[in-house]
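Below is one structure; the comments refer to it alone.
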C-alpha cells in the first residue's frame, strides 16, 4: 500500500464525536482518522450512523461535542459552504444530482466556488475523460438518466471542487455489479491523482477489497478498526457483513 | 380602466390592452410568489403588502416633492425612473428584512408555522400603513401624461406601452439572471435541493435573501406601475392584488418563472374580459379569477407550465 511508505499525515480526524437527533444518540464518542493518500472505509449496517457521520463532517448536522479536524484545522464550527472551501467534498447518499439541470450544469455547480471559467471547462473535460458516458450526455437533463449515470455524475461533480479529500456516501447503492466495479475502479484512479478517499459503504466486500483501512460502526459506536486485509479475514466482520 | 372605443372590435382590442397592462403588474407580483415558493416552499402571504408599501412610499415622496399634475420630457423620464428605484428599494429591502426576522427563524419548523407568520406579517404591514396614512383611499399623483397611440377608434395609452415594455424587459433580465449568473444558478440549485447546494459551496442563507430581494424588487416596480394605471392608494390594495397575482402564479405552475409571467398576463386579460363582457362584470371579475384558481387546482394541480421532470429519482 502506498500509504505505508509515506509519513502518515492526518487529513481528517473525528475526535470523540457525539451527535444527536433529538433524544436519540446517533454517534457515540466516535473517533476516526483518515491519512493523506489513503482509501479508508466505514462499514456498518442500515441505521448504524454512517450517513450521520458524513453529515456531521460536512456541518449538515452539528455534533453536540467532539471535534472534526481537517488538515489540523477545526471545521465543525464552520458552515457547510465554508467547510467545502477547505478542500473536502462529499458525494452524498442517494446521489442528489440537480435533477432539473443538465449534466454540464451539474458539473458547473460542483465548481461553484471557483470563478475561473477556463479552469472549470478544463475540469469538466477531465471528468468527461474519467466518465466518457457523461460526455455523451453533456446537455441531457440529469433527472432523466439512469442511476449508474447519476452516480458517475455525482462523483464527477464532487471532483469539480478539486478536493484533497473525497468523501463518498454509498457510491455503489442500487448499482449493478458491473457498475459497482466501474465505480471502484474509478475510485482507484482518483486516488492515483492524489486525492484521499473516505468511503461509507454497505457493500463491505467491495469496500474492504479496495480500501487500505476500515472502521466498523455498530449502533453509533466504532467497534473495530484495522487494515482492510485484516478486517476481510476477521470472523466477526465476516459473520456480520460478508455473509459468513 | 378606460374604454373609449365605440365599435365592438374596438372595445375588444381596448379591453385586451387594459388586460395586458394590468396583467404585467400581476405578472411582476406573481414572480415574487413563485421565486420565493420555488426556493423555500413558502407562500409569502405578505407579498401583496410588500407591493403596497411601494405604492405608499412613492405616494408620500411624490407629495413631498409637490408633484400633482402630469410632467413631460426629461422630467417625466427622471421622475419615473426615480419612483421605480424608490419602489424597488423599499419593497426589496422590506422583503429581505421580513425573511430575516419572520421566516428564517422558522425554517426548520413545521410548514404551517411560516405560513401563519406570513399572514401575521401581512396584517402588520397593512396596519402600519393604515395608522400612518389612514384607512381611506388617497389619490395618487398621476404624473404620467394622458394620451397615446391612436389606432382607428382604439387609443393605446402611453403608460400602457411603458408598463408592458418595461415589464417585458425586466422579465428578460430576470431570465438572464436565473439562467446565466452564478447567483441564478445558486438559486436554482437551492430550489431543487438546498442540502446538495450547500455541499457545492452555495451559501444558502445568502441565496434565500437574494431570492426575497429579487421578488421584492419586482413587486416594488409593480407598485409604481399599478399606481400610474390605477392612481388610487389604499392600505389594503395589496390584499386583493396579492391574491390575484398568487392565482396567476398557481395558474402558471407555482415555482415556475415562465409560468408566473404567462399566468400574470393571462389573468389580466381574463379579468379585463370578464369586467367588460359579463353582466355586473366589475363585481364578478374576481369571482371568475378565483373560479379559475379552483379549476386549475382541481384539474391540473401543477399548473399550466408545472414541473414535468421528477425531482428525485
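The alpha carbons of the range B:176-233 give a radius of gyration and a Dmax of 15.2, 48 Å, in that order.
With the alpha-carbon atoms as the only input, what is the per residue convex hull volume for the protein assembly as shown in Å³? Please report the intermediate quantities before stating the final value.
Details: hull volume 99.7 nm³, N = 557.
Each residue corresponds to 179 Å³ of Cα convex hull volume.
Modelled spin labels at residue A:119 and residue A:16, positioned 7 Å past Cα toward Cβ, are 3.9 nm from each other. Under the 0.36 nm per residue contour assumption, what length would be gained going from the current alpha-carbon distance of residue B:153 and residue B:128 to full extension? Difference between extended and current length: 4.6 nm.
Only helical runs count toward this figure. For chain A, summing -39,500 (n - 2.57) over DSSP H runs of n ≥ 4 and dividing by all residues gives -10500 deg cm²/dmol at 222 nm.
I'd like the FRET efficiency for residue B:64 and residue B:136, computed as 1/(1 + (r/R0)^6) with the beta carbon distance as r and R0 of 22 Å, rounded to 0.05.
On the way: r = 20 Å, r/R0 = 0.90.
Taking R0 as 22 Å, the efficiency between residue B:64 and residue B:136 is 0.65.
Note on chain B: GNM, Cα springs under 10 Å; of B:228, B:278, B:166, the largest mean-square fluctuation is that of B:278.
Using only alpha carbons, build the gyration tensor for the range A:130-224 and give me the equivalent ellipsoid semi-axes, biggest first, whole Å. Provide the component values of the computation, followed by the final result.
Details: eigenvalues 122, 48, 30 Å².
Semi-axes (√(5λ), whole Å): 25, 15, 12.
Considering helices alone, the calculated mean residue ellipticity of chain B at 222 nm is -24500 deg cm²/dmol, with DSSP H runs of length four and up weighted by -39500 (n - 2.57) and normalised per residue. Each listed q (0.10, 0.14, 0.16 Å⁻¹) maps to a log10 I(q)/I(0) for the range B:8-299, found by the Debye formula over equal Cα scatterers with no solvent: -0.52, -1.03, -1.31.
Calculated over chain A, the projected area of the Cα convex hull averaged across directions stands at 13.0 nm².
Restricting to chain A, what percent of DSSP beta bridges are antiparallel, rounded to 5?
On the way: 22 of 41 bridges.
Bridges in chain A are about 55 percent antiparallel.
Average projection, convex hull of the Cα set of the range B:185-313: 9.8 square nanometres.
Report the Stokes-Einstein translational diffusion coefficient (µm² s⁻¹, integer) for the range B:1-139, Rh taken as the Kirkwood radius over Cα pairs, at 10 °C with viscosity 1.306 mPa s.
Details: Rh = 17.5 Å.
This corresponds to a translational diffusion coefficient of 91 µm²/s.
Once the Cα atoms are used to define both axes, helix B:8-40 deviates from the longest principal axis of chain B by about 20 degrees. With Cα atoms defining each centre, the range A:209-225 and the range A:65-127 are spaced 25 Å apart in the structure. Counting only alpha carbon atoms, the long axis of helix B:158-180 and the longest principal axis of chain B meet at about 20°.
Once the piece of chain linking residue A:144 and residue A:71 is laid out straight, how much longer is it, given 0.36 nm per residue of separation minus the C-alpha distance between them?
On the way: separation 73, 0.36 × 73 = 26.28 nm, distance 3.83 nm.
Going from the current span to full extension adds 22.4 nm.
Using a Gaussian network model on chain B with a 10 Å cutoff between Cα atoms, which of B:36, B:50, B:237 fluctuates the most? Top of the fluctuation ranking is B:237. Note the angle between two axes, namely the Cα long axis of helix A:177-192 and the longest principal axis of the Cα atoms of chain A, as a number of degrees from 0 to 90, rounded to the nearest 10. Roughly 90 degrees, rounded to the nearest 10. Size of the range A:159-200: Rg and Dmax of its alpha carbons, in Å, are 10.5, 28.
No value in this document is a laboratory result; all are computed from the given coordinates. Since we're looking at a predicted model, the values are computed, not measured. Note: ideal-geometry Cβ built from the backbone for every residue, glycine included; neighbour counts use all protein chains shown.
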